[in-house]
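No value in this document is a laboratory result; all are computed from the given coordinates. Quantities reported herein were computed from a predicted structural model and do not represent experimental measurements. Backbone-built Cβ (ideal geometry, glycine too); neighbour counts: all protein chains shown.
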Amino acid sequence: MQKNRLFPICIVALSLCLVSQTSILATEYKYALENAAAHQATAAVADSVVQIRTVGGLERVGKTQLSQGPLSGLIITADGYVVSSAFNFAQQPSSILVRLPSGKQVSANLVARDLNRMLVLLKVDSDEPLPVPEAVPTDEFAVGQWAIALGRTFQTDKVDVSLGIISALNRMHGRVVQTDANISAANYGGPLVDIHGRVFGVLVPMSPQSSDSGPENAVAGAEFYDSGIGFAVPLEHVYSMLDRWREGEDLLPGKLGIGLKSGSSYTEPPTITTVWPASPAAEAGWQPNDTIVAADGTAVETQSQLQFLLKPRYAGDSITFSLRRGSGETAEEFDSEITLAGQLAPYRHSFFGILPAADGKAEGIDVAKVWPNSPAEVAGVRAGDRITKIGSTAVPTAPAAWAAMLNLQPGETVEVSLQRGDQELSLQTKLSALPEEILSQSLLRTSSKSSTEEFKALEPQLLKLPEFPQEAHYLQPKLSDSQRPGLLIWLSSEKGDDEEAMFDAWQKVCQTNGIILLVARPGSETGWQSEDLEYLQQLVKLATIRFRPTPRQTILGGQQKGGQLAYALAFKDRRTFSGIIADNAPLPRTLQVPDNSPGGQLVVLSILPGNSTFATLVKHDNEQLRQEGYPVSQIERPAGTVLDDATIENIGRWIAGLNRF
């Protein structure tokens, strides 16, 4: 009887074993099929993936080490056009070699760049017909599809393979697809392939923070190296632009020439705050306070939606925008066709010519000083006047006045309303560009004390970030409750500088001009390294929160390498910094100077010591900055590495004069 009971149990156990074995076999069979399909897909495209070698050029761009080995590219026409990632050519090589499928190595010419999607187009001469891959139509892209990333770098006879899926569509404002396959310098410029052996797109690094067309933009996104976050520009798009591209002109991002209201791009409507002179928007008659409501028939409610429609477009593309002007019952909507520009005329901030009083309590801007030979002086503005309107815009506060000036251009005639005692006056004047001169101390609002002896010496204080080994020290003058300080963050060139002597030299200037001096030091005895960047970013964030400096007097400066680092950081964060002080420091060679913009008024003080070996280079860079719309004040000082008292006083007066409009 017991044996009969065990028999069904044995049957069930045997059945489970068979089911389990069948499941294992089915899984292994599925993996085998997938593996075979991946091999077939790779083989279908492999001959179109070429190895590229470059000769000469830079070894590093910013803190990104460039690949010095072979690179990847993709043949896209039988007559020798090859596309690759701009990352592979950020070093600006002097010559380019491409290994063809036959093994023959030939020279290549760089025809043009796509600076919107960070690609390059090469041309090789070949007697043999070259294999061209098939593109996956973009309407067949779907999240979850198998994706195979290919490159040809390590071995000439084999392609590098990384397997993943399509993880997102229309990333980077609609310019690329995203994959979780491992993407790196080993396959930048190679294809992302589907399971049928067709090409989704060309692999590139890309970052949402990239904003210019220089070398640093070409390597933006390389920090996602082998992270499972990779991008590919659809090959179908590359083919759609090929006729235009192979004419030899770089494909540039399209620009409208407008500034938008600050705030979250995901919630703020695209309301225009400024219009660049001679820009497509200006020529179409767009005005501040207009709001974009549609582009090519697609509704636009937020700035992010506008960026999604605008970022993929190139210079020369035409878009029909719908705008709303006015509000309420008087609002009108109209269409405006715009042809996007590749370059905008340098934006230059306008200047009226007053220094506002710090303790004005009534609505309006109390005039503390009038800038000599300025539009304000020409119009007859006096110290003690209270400005109430600029044009038709009421200006109850200094920030409101600065915002109103953003909508006005140098050379434009403006009417200014003011109160002088019991009188209400209206004056007209023609605005100028921001001046570069440094005012004398007598023309600036300063402390009532006049000599070093009358100042009580300030004790340097510690500012320490617990997660970093470096220590920073600062001098903080005592100010009235209504006065916000200026802030100078000085990047000391070496760890062992005489900090005590430096603070002694700055005592009078800090107290006279209401400036906090914060001295930051590198973590290494050899000076500033790329590893210090995170520390500086956190230090700046802490300092601006703790000290609440006036935005027009938040300055980053340094000497030699410290000055070059100041250029790089301040240009990257123009919403925080209003000025750069560079002592014996040319621009970093890999820095692409960004377009000047109304969103951040940035000015430069360039200091040249006697017998400087960088003098010619610094003067050339200063002229370049001026051409780009950035005011540059240049002063000279005695030879040596230590700032003398006269130079420190010049710096203090320069900073004090920045609180102007």
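What to note about this one:
- Alpha-carbon centroid distance for the pair segment 515-563 / segment 78-132, whole angstrom: 42
- Bridgeable aspartates and glutamates around K572 (alpha carbons under 14 Å apart, same-chain partners fewer than 8 residues away excluded): D212, E216, E534, D595.
- Cross-link pairs K261/K541; K261/K389; K255/K389; K261/K311 - those with Cα-Cα distance over 26 Å: K255/K389
- If you wrap the tightest convex hull around every Cα atom of the chain and split its volume per residue, you get 244 Å³.
- Membrane-span-like helices in the chain (whole DSSP H runs, Cα extent of at least 20 Å along the helix axis, mean Kyte-Doolittle hydropathy of at least -1.0): 2-46, 499-513, 533-547.
- Largest-first ellipsoid semi-axes for segment 88-171, taking √(5λ) over the Cα gyration tensor eigenvalues, angstrom: 27, 18, 14
- Estimated [θ] at 222 nm from DSSP helical runs (n ≥ 4, -39500 (n - 2.57)) normalised by residues in the chain, nearest 500: -7500 deg cm²/dmol
- Sites matching trypsin sites (Lys or Arg not before Pro) across segment 75-118 that sit in DSSP coil, with at most 14 neighbouring C-beta atoms within 10 Å: K104
- For segment 308-415, alpha-carbon Rg over 2.2 N^0.38 Å: 1.46
- Ordered by the number of other Cβ atoms lying within 10 Å of each residue's own Cβ, fewest first, M405, M241, M118, M206 fall into the sequence M241, M405, M206, M118.
- Amide H contacts of F231 (H built 1.01 Å from N, under 5 Å, at least 5 apart or other chain): T179, V204
- Taking amide H positions as modeled 1.01 Å from N, with prolines and chain starts lacking one, the residues under 5 Å from T273 and 5 or more places away or on another chain are G259, L260, K261, N289.
- Over the chain, relative contact order from alpha-carbon pairs under 8 Å, at least 6 apart, %: 8
- Estimated at 0.36 nm per residue, the fully extended path between V106 and K619 surpasses their Cα-Cα distance by 180.5 nm.
- Cβ-based exposure ranking for S392, S606, in which fewest neighbours within 10 Å come first: S392, S606
- Full-stretch length increase - E436, K572 - with 0.36 nm per residue and alpha-carbon distance subtracted: 46.7 nm
- By the beta-carbon count within 10 Å of each Cβ, the least crowded to most crowded order of H237, H39, fewest first, is H39, H237.
- Net charge dipole size for the chain [Lys, Arg +1 and Asp, Glu -1 on Cβ; Debye, nearest 20]: 880
- Amide H contacts under 5 Å for I516: G486, L487, L488, restricted to partners 5 or more places along the chain or on a different chain, H placed in the peptide plane at 1.01 Å from N.
- Estimated at 0.36 nm per residue, the fully extended path between N611 and E329 surpasses their Cα-Cα distance by 94.8 nm.
- The smallest convex shape that holds all Cα atoms of segment 491-567, its convex hull, gives 98 Å³ per residue.
- GluC sites (Glu not before Pro) restricted to segment 245-339 and DSSP loop, no more than 15 other C-beta within 10 Å: E247, E249, E301
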